[in-house]
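The structure appears right after this line, and notes come after that.
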Amino acid sequence: MTTPSYFDKYENLSFTRDEDGVLVLRFHTKGGPIVFTGQTHEDLPSALEEIALDKDNKALVLTGTGDAFMSEIDGASLGEIFKPAAWEKLRVEGSKVLQRLLELPMPVVGVANGPATVHAEYLLLSDIHIASDRATYGDFPHPAFGITGGDGVHVVWEEIVGSARTKWLLWTGEAIDAQTALQWGVVNEVVPHERAVERGIEIARKLAAKPALYRSLQKQTLNLNLRRRLLQDVPFGMALEGLTAADLAYQAQN
């Protein structure tokens with residue numbers, strides 16, 4: 001099995017793949033926990049497309065590096081998001097990430113190897129979700145920046161935990177721990193921290209061993225409603241988010 005060119009292509013994405021066809025994607029910044037940037041946002045849709053087209057990938061494990069899945073973001077690197085053209089670029093990228101995660105022709109095992117308070121929805125869109133006992137979940141950036149959470153967090157969290165809990169998380173910016181996430185139905189298992197990624201790979205290997213057509217069609221079957229919700233509700237949500245970003249810029253200038 002040859003090493004695909006995309007393995008070394010993306011600044012914040014690290015790839016390994018074993019002989020069973022289990023691909024592990026780790027978010028990182030210079031080999032440590034990731035600081036999410038505009039470059040990450042731009043690269044992820046393309047990376048997911050390349051993963052989907054690679055027939056040697058039979059299952060995907062999605063995780064972070066070190067002791068965090070994703071908990072820091074460089075807001076300035078996202079660009080002049082208060083300008084329509086810049087926001088449209090982010091809107092397209094953000095929509096593609098969510099859709100492509102659900103459209104991958106393989107099962108995805110998400111592993112929260114620590115705090116997931118930036119883009120936790122990536123984990124929530126996985127087919128099986130494992131959490132380290134040190135994991136926490138929430139939505140830090142939107143409440144902190146004063147920008148409406150319309151980029152899919154409103155859809156994915158509501159589908160997983162319901163309306164009341166979603167409103168609490170997205171209004172307050174508070175986080176929940178791994179055991180609370182288990183009680184809420186966010187995760188399937190909570191395991192000791194040092195076992196989290198290993199456990200995710202174990203499950204992914206079992207799924208990778210299933211017939212190829214089953215893997216692909218089961219993926220589609222179990223995500224029909226989420227796909228409909230994303231296509232229907234994310235464009236409007238991101239329009240509202242863009243308005244709040246523009247308003248922040250206006251307030252700063254006046």
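The values are calculated or read from the model by the stated rules, or taken from the named source; none is laboratory data. It should be emphasised that the depicted structure is a prediction, and the values quoted were computed from it without experimental measurement. In this analysis, Cβ positions are derived from the backbone assuming ideal geometry, glycine residues included, and neighbour counts consider all displayed protein chains.
Can you list residue pairs whose Cβ atoms sit under 7 Å apart, with the first residue in the stretch 43-71 being farther than 17 Å from residue 102 by Cβ and the second being assigned to a helix (DSSP H, G or I)? Count only pairs 6 or more apart in sequence or on different chains.
58/208; 58/215; 63/197; 63/200; 69/123
Please determine, by comparing only the residues of the stretch 215-242 that are exposed (fewer than 12 other Cβ atoms within 10 Å of the Cβ) and among the hydrophobic types (A, V, I, L, M, F, W, C), which one is farthest from residue 80 (Cα to Cα).
Selected residue: 224.
Please go through the stretch 127-148 and pick out each residue that is assigned to a loop (DSSP other than H, G, I, E, B) and crowded, with 24+ Cβ neighbours inside 10 Å.
Quick first cut of the stretch 127-148, residues assigned to a loop (DSSP other than H, G, I, E, B) only: 127, 133-135, 139-140, 146-148.
If the condition is that a residue be assigned to a loop (DSSP other than H, G, I, E, B) and crowded, with 24+ Cβ neighbours inside 10 Å, then 135, 139 are the ones that fit.
Just a yes or no: is a residue in the stretch 20-39 of a type outside the set (Gly, Ala, Ser), under 19 Å from the mean Cα position of the chain (by Cα) and over 22 Å from residue 132 (Cα atoms)?
Yes.
Determine which single condition residue 205 fails, assuming it passes every other condition in (1) touching an Asp or Glu at 6+ places or on another chain (Cβ under 7 Å); (2) within 27 Å of residue 41 (Cα to Cα); (3) of a type in the set (Lys, Arg).
Evaluating residue 205 over (1) touching an Asp or Glu at 6+ places or on another chain (Cβ under 7 Å); (2) within 27 Å of residue 41 (Cα to Cα); (3) of a type in the set (Lys, Arg) leaves (2) as the failure.
For the stretch 200-222, indicate whether the set of residues that are under 25 Å from residue 138 (Cα atoms) and among the polar types (S, T, N, Q) is non-empty.
No; the residues of the stretch 200-222 include none that is under 25 Å from residue 138 (Cα atoms) and among the polar types (S, T, N, Q).
Quick check on this structure: which one of 38, 75, 66 is within 22 Å of residue 120 (Cβ to Cβ) and touching a Pro at 6+ places or on another chain (Cβ under 6 Å)?
After applying the criteria, what remains is 66.
Considering only the stretch 167-254, give the helices (runs of 4 or more DSSP H) lying wholly within it that have at least 3 residues that are of a type in the set (A, V, I, L, M) and closer than 21 Å to residue 27 by Cβ. Walk me through how you get there before you give the answer.
Values: elements: 178-184, 196-208, 212-222, 224-253.
Filter on the stretch 167-254 gives 196-208.
Could you tell me which of the residues 154, 129 is more than 26 Å from residue 92 (Cβ to Cβ), under 18 Å from the mean Cα position of the chain (by Cα) and at pLDDT 95 or above?
Testing whether each residue is more than 26 Å from residue 92 (Cβ to Cβ), under 18 Å from the mean Cα position of the chain (by Cα) and at pLDDT 95 or above leaves just 129.
Report, ordered by the first and then the second residue, all pairs with beta carbons closer than 6 Å, sequence separation of six or more or different chains, a first member in the stretch 159-174 that is at negative phi and surrounded by 19 or more Cβ atoms within 10 Å (Cβ to Cβ), and a second member that is in a helix (DSSP H, G or I) and of a type in the set (A, V, I, L, M).
Partner pairs satisfying both residue conditions: 160/124.
Residue check, residue 106 against (1) in contact (Cβ under 8 Å) with a residue 60 or more places away in the chain; (2) not β-branched (Val, Ile, Thr); (3) not in a loop (DSSP other than H, G, I, E, B), all met but one. Which one?
Just one mismatch for residue 106, condition (3).
Residue-wise test of (1) on the phi > 0 side of the Ramachandran plot; (2) at pLDDT 95 or above; (3) touching a helix residue (DSSP H, G or I) at 6+ places or on another chain (Cβ under 7 Å).
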{"site": "197", "(1), (2), (3)": "no, yes, no"}
{"site": "201", "(1), (2), (3)": "no, yes, no"}
{"site": "206", "(1), (2), (3)": "no, yes, no"}
{"site": "213", "(1), (2), (3)": "no, yes, no"}
{"site": "217", "(1), (2), (3)": "no, yes, no"}
{"site": "229", "(1), (2), (3)": "no, yes, yes"}
{"site": "239", "(1), (2), (3)": "no, no, no"}
{"site": "249", "(1), (2), (3)": "no, no, no"}
{"site": "253", "(1), (2), (3)": "no, no, no"}
